[in-house]
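Report on the following structure.
The values are calculated or read from the model by the stated rules, or taken from the named source; none is laboratory data. Please read all numbers here as calculations on a predicted model, not as lab measurements. All Cβ positions, glycine included, derive from the backbone under ideal geometry; neighbour counts span all protein chains shown.
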Amino acid sequence: MTDGLDTGRPGPITALWDSLPEPLRHKLLLGFTGRLHLLDVAGWCLRSGDPGLAPVAVDAVRTAFGENPLDGAMAGDLLAVEPLRQLLPEPTRRALAGLAAHWRRPDSIAYYHRLLARRDFGKTLDFIEQSAAREPDNLFWREQAVAMGLTGNDPDRAEAVALAGFPDLPELAPLKACAAARIQAFRGRGVEAARLYRQVGDVFGPAFAGLGAGLAMLAEGDRASANLLLLDALRHAPWNTSLLLRLHDLLAGLDQEVRPLGGSVAVLLYSWNKAVELDATLRSLLESELAGASLFVLDNGSTDDTPEVLRSWQARFDSRLGPGRFRVITLPVNIGAPAARNWLMRHEAVAGHDYACYLDDDVEIPADWLLRLGAAVHHYPEAGVWGCKVVDHANAALIQSADSHLLVDEDGPPPDLARLAPNPFRLSDLHIQTLDGGLFDILRPCASVTGCCHLFRTRDLLAFGDFAIHLSPSQYDDMERDLRLCEAGRFPVYQGHLAVRHKKRTGAASRVSGREEGNALGNKYKMQTMHGRDGLARAMHAERALLDADLRRKLGLLERAVLG
């Protein structure tokens, strides 16, 4: 068989895509990862009553199992769905049953939940370790050890608590190997992770082990091995859109591509009482490629050492960029984030630049960050804004923001200002349902990108109006502006091959007060009143069409690789 580029007929993956029901395609366009999303895909396939969708449903369930190999609660729920039990292969049923039989939620768990709420990973891991020692055969505590160990960036404790003395039963061996593989991949030991993935057999589906091994080898820099492993995985699961998109960018070289923007750029920062974080951000900026760039920093009424930090960087940026290219704007009071964004974009000197890029004051950027954005502009010049992947500064496996897609319930109740959510809509959140294994390293359109680092053509930034000051001080102002772009058909583009590290506070300091939480809810309410249901629904359908066209455009390269 040959692909459609040669014969006029669709290739095998395109033909499969065409055969899927439209509602299922919409779900798959979001990606093929994340426990909740995968189970939603599987449930839709089962409810459809179409036996031809059974392979997609089974693969979604087995992939969710592989991403959460010690989740006994999920295992029990899956086994309770009789139609699904009949579809699952015997090795998978056996592994699920073994997990469910050796996983028990403790009767008294209130203290553990209080520890989780405090977000103190060290004390939480101490408690998990003590509990696992008391109940060595209860996989609940081993599941918690992996989750907390990796979330808390402590893979050694995750391994020691979760895997030492693991019950030696044949039905549980693939679960142990899978958990161990995820820990090794987290450490960046791709060869060892790939070896362990080969030990899981077919329990998690014929594509899962190759996908995990391929991503691990790719993270280690072995592109040739990753190419072979991912191609083989794709042959087994051609509906796996996350794999399709990641493999396309590998084959096309998009994951390594850098390009100059081809114009001048104004880098815009605003800061309030974050002198230490701002100092680190400016250091990473100075060490990055800044050809054609000018920097504008707005001191938003800071009362800490921010003025001294800015003065200390003036001479260094003047030496690097030239005099007058590092400008400080000082305000006597904090006017809030949206107003600060507006003040910067309306600055007369900013208007003379071809591009304007907002950066948060608590991020650290790689040296090639502008060149990565330049590649995104080259491939998607029609976008209204270009953004990036944002990861936790302390643990890059935790994704704070990736490609988000618009989800509107067209059949829901009409807008009602008396409700807490007067006009509910949301953005997809697959990135927070799993750790980052590489599947979010893709370049494609979306509905919203994070304001931590986003690039505009200056003329478009000015043409689409100000950031909404009545959404201050929450971060909904950048999302609301993206919605305006979507409704105008100027969709954002996500550059997942650029990862920006964000110094989001952790531990007890990350908790918000009741006042802050109430303010965020209030601003979310206001944002929902700013956009009508019909307009959002039209934007959602337009985005789906854009994502579908983008995927189809990429399938030719993939089909040639699979067949070749």
Within the range 335-345, identify whether any single residue is under 19 Å from Phe456 (Cα atoms), in a loop (DSSP other than H, G, I, E, B) and among the basic types (Lys, Arg), and answer yes or no. no
The lone exception for Pro136 - which of (1) touching a Gly at 6+ places or on another chain (Cβ under 9 Å); (2) at pLDDT below 95; (3) assigned to a helix (DSSP H, G or I) it fails: (3)
Output the number of residues of the range 409-432 satisfying the condition of being at pLDDT 95 or above and part of a loop (DSSP other than H, G, I, E, B). 2
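Report yes if some residue within the range 191-199 is of a type outside the set (A, V, I, L, M), at pLDDT below 95 and farther than 25 Å from Leu443 by Cα; otherwise report no.
Here is the first cut: in the range 191-199, the residues of a type outside the set (A, V, I, L, M) are 192, 195, 197-199.
Imposing the further condition that a residue be at pLDDT below 95 reduces the set to 198-199.
In the following step, the residues that additionally are farther than 25 Å from Leu443 by Cα were identified as 198-199.
Yes; the residues of the range 191-199 include at least one that is of a type outside the set (A, V, I, L, M), at pLDDT below 95 and farther than 25 Å from Leu443 by Cα.
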Leu370: passes all of (1) assigned to a helix (DSSP H, G or I); (2) surrounded by fewer than 24 Cβ atoms within 10 Å (Cβ to Cβ) but (2)
Anything in the range 22-42 that is free of Cβ contacts under 8 Å to residues at least 24 places away in the same chain and among the β-branched types (Val, Ile, Thr)? List them, or say none. Val41
Residues that are crowded, with 24+ Cβ neighbours inside 10 Å, out of contact with any Lys or Arg (no Cβ under 7 Å at 6 or more places or on another chain) and farther than 18 Å from Gly31 by Cβ, drawn from the range 48-70: Pro69
Checking Asp482, Asp477 in turn, the sole residue that is over 20 Å from Val377 (Cα atoms) and crowded, with 21+ Cβ neighbours inside 10 Å turns out to be Asp477
For a quick check of your reading: which helices (runs of 4 or more DSSP H) sit entirely within the range 182-267 and have at least 1 residues that are under 30 Å from Pro381 (Cα atoms), free of Cβ contacts under 8 Å to residues at least 24 places away in the same chain and not assigned by TED's automatic domain parsing to the domain that holds Phe32? 223-236
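Condition check ((1) assigned to a strand (DSSP E or B); (2) of a type in the set (Ser, Thr, Tyr)) across all residues:
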site: His378; (1), (2): no, no
site: Pro381; (1), (2): no, no
site: Leu407; (1), (2): yes, no
site: Thr434; (1), (2): no, yes
site: Phe456; (1), (2): yes, no
site: Asp478; (1), (2): no, no
site: Arg490; (1), (2): no, no
Can you name the number of the only condition in (1) modelled with pLDDT of 95 or more; (2) assigned to a helix (DSSP H, G or I); (3) surrounded by fewer than 22 Cβ atoms within 10 Å (Cβ to Cβ) that Arg320 fails? (1)
Kindly check whether there is at least one residue in the range 170-185 that is in contact with a Lys or Arg (Cβ under 6 Å, 6 or more places away or on another chain) and of a type in the set (Gly, Ala, Ser). no
Considering every residue within the range 330-341, establish whether at least one is surrounded by fewer than 19 Cβ atoms within 10 Å (Cβ to Cβ) and small (Gly, Ala, Ser). no
